[in-house]
Amino acid sequence: PVFAMGIAGVSYFLSGGLAHAAQSDNGFRSLSDIGPLQPPDENGIMLPAGFRSRVVARSGQMPTSNSAFRWHASPDGGACFPTSEGGWVYVSNSEESSQTGGVGALRFNANGSIVDAYSILENTSRNCAGGATPWGTWLSCEEIESGQVFECDPMGNTAAVVRPGLGTFNHEAVAVDLQHNCAYLTEDMRDGGLYRFVSARGLPDLTEGRLEIAAVVSRDGVDYIEWLEISDPQGSIVATRRQVPDYFPFNGGEGIAMHDSKVYFTTKGDNRVWCYDTLSQRIDVIYDAATSSNPILTGVDNVAITPGGDVLVAEDGGNMQIVVLTTDFEPVPLLQIIGQEKPRRIEKCKTNKKNI
C-alpha cells in the first residue's frame with residue numbers, strides 16, 4: 001500500500017509490506033495488527049516495522065527537473081489517481097489565502113519515479129480538503145465564507161470547473177455516493193452542517209441538483225438523519241445552514257469518506273468520528289476522545305478508508321499521527337511525524353459574518 005500526505009510544506013509517500021497484519025476477506029491486509037511504531041526514520045517519521053517514507057516534494061522547490069513547476073505552500077488534502085501506463089498522479093490542495101491557493105499534481109511512472117509536476121487549479125483560496133470521484137476527477141473545496149467546490153482533472157488535460165450547485169459555504173471535504181446519486185459535504189464551522197447534493201441528471205453530472213442539510217432525529221434511543229432541502233444553495237442572503245432552523249450542528253466538520261454504503265466523517269471541535277449508514281439513515285459516533293478508553297486520537301482531520309474497512313484519520317494537531325480505527329473501532333497509530341506537533345495555524349473554527 002501507498003499513503004500520501006502533505007504537512008507544513010512537505011509531501012510524503014509511505015509504503016511497505018504488511019507481513020504481520022491480519023488478512024481481510026477481500027485480500028487487503030487489515031491494519032489492526034501492524035505492530036508498534038519504530039524510532040523516527042531519516043525523514044522524522046515513526047513507522048511500524050516494514051514501512052518506509054519518502055519525501056517527494058517541498059514547498060517552493062521543483063519536484064522534478066522535467067518541469068519548472070514549483071510545489072505549492074500549505075499542502076493539505078490530496079488523493080492518488082491511476083494512469084494508463086501503470087503509474088499514478090498525486091494531487092494536493094494548497095491552503096493559501098487571497099486567491100493564491102489551488103491544486104498541484106505530481107505524476108509518477110510505474111516505477112514510482114516523478115516524471116512531471118504541474119498545476120490543475122489556480123487563483124482560488126484556502127483549498128483545504130476535497131474528495132476523489134469514482135469517475136476520476138478531484139473535487140477541491142475552498143474553506144472560506146464564499147467557498148466553492150472545483151472539479152479538477154488530475155491529468156491536467158481539462159481546465160477545472162466550479163460546481164456552484166454544491167453550495168456556497170466554508171467547505172471542507174466531499175465524498176461521492178454513486179449508489180444514491182449524491183455527494184456528501186462537510187462544513188468547517190463550530191455549528192457547521194452536513195450536506196447532501198443530489199444530482200438532477202445523475203452522476204457524474206454535478207451541474208444541477210438539490211442541496212440538502214442533515215437534521216438528526218431520535219427514535220427508540222437511536223439517532224437517524226433526515227435530509228431537509230436548502231432553498232438558496234448560494235447563500236446569497238442567508239447562510240446555507242441558517243436557511244433550515246432544524247438542521248443539526250456538527251462542531252467543525254473535517255474529512256469525509258465512503259465505504260460499503262457508510263459515510264465516515266470527523267468533527268474537530270469535539271474530536272469525534274461519525275458513521276452514517278446511507279441504507280438505514282442511522283448515524284453513530286464511533287470514536288469520541290472524551291469517552292474513549294484509549295484516547296490517542298485528537299485534532300481529527302482528513303479521513304481515508306482502506307479496502308479492508310479500516311478508517312484512517314489524520315491529525316492536524318495532537319501528536320501528529322495518522323491513526324487507524326480498526327473494523328472494531330479501536331484506535332491504532334499508523335505513523336507519527338516528529339517535530340511538528342503544533343498545527344500550522346489555528347484558524348478553522350472562525351465566526352461567519354453572514355447572518356450568523
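Ala215 - would you say it is at pLDDT 95 or above, open to solvent by less than 40 Å² (accessible area, probe 1.4 Å), within 20 Å of the chain's Cα centre (by Cα) and of a type in the set (Gly, Ala, Ser)?
No.
Does Gly235 satisfy the condition of being of a type outside the set (Val, Ile, Thr), buried (at least 16 other Cβ atoms within 10 Å of the Cβ) and at positive phi?
Against the criterion (of a type outside the set (Val, Ile, Thr), buried (at least 16 other Cβ atoms within 10 Å of the Cβ) and at positive phi), Gly235 qualifies.
Filter region 247-285 down to the residues that are part of a loop (DSSP other than H, G, I, E, B) and charged (D, E, K, R), then identify the one that is farthest from Glu187 (Cα to Cα).
Out of the qualifying residues, it is Asp260.
Do we have Glu208 as open to solvent by 40 Å² or more (accessible area, probe 1.4 Å) and more than 29 Å from Gly299 (Cα to Cα) here?
Spelling it out, Glu208 is indeed open to solvent by 40 Å² or more (accessible area, probe 1.4 Å) and more than 29 Å from Gly299 (Cα to Cα).
Test of understanding: among Leu297, Leu312, which residue is over 30 Å from Ala200 (Cβ atoms), not in a strand (DSSP E or B) and not charged (D, E, K, R)?
Values: Leu312 fails: not in a strand (DSSP E or B).
One residue alone meets the criteria, Leu297.
Can you find, within region 63-76, the residue that is nearest to the chain's Cα centre (by Cα) among those that are over 16 Å from Glu122 (Cα atoms) and surrounded by 15 or more Cβ atoms within 10 Å (Cβ to Cβ)?
Checked region 63-76; the qualifying residue nearest to the chain's Cα centre (by Cα) is Pro63.
The values are calculated or read from the model by the stated rules, or taken from the named source; none is laboratory data. As the structure is a computational prediction, the values presented were derived from the model and not from experiment. Virtual Cβ from ideal backbone geometry, glycine too; neighbours counted across all protein chains shown. For the accessible areas, the whole protein counts, side chains as well, though only heavy atoms, and no ligand, DNA or RNA atoms are used. Shrake-Rupley method; radii C 1.70, N 1.55, O 1.52, S 1.80 Å.
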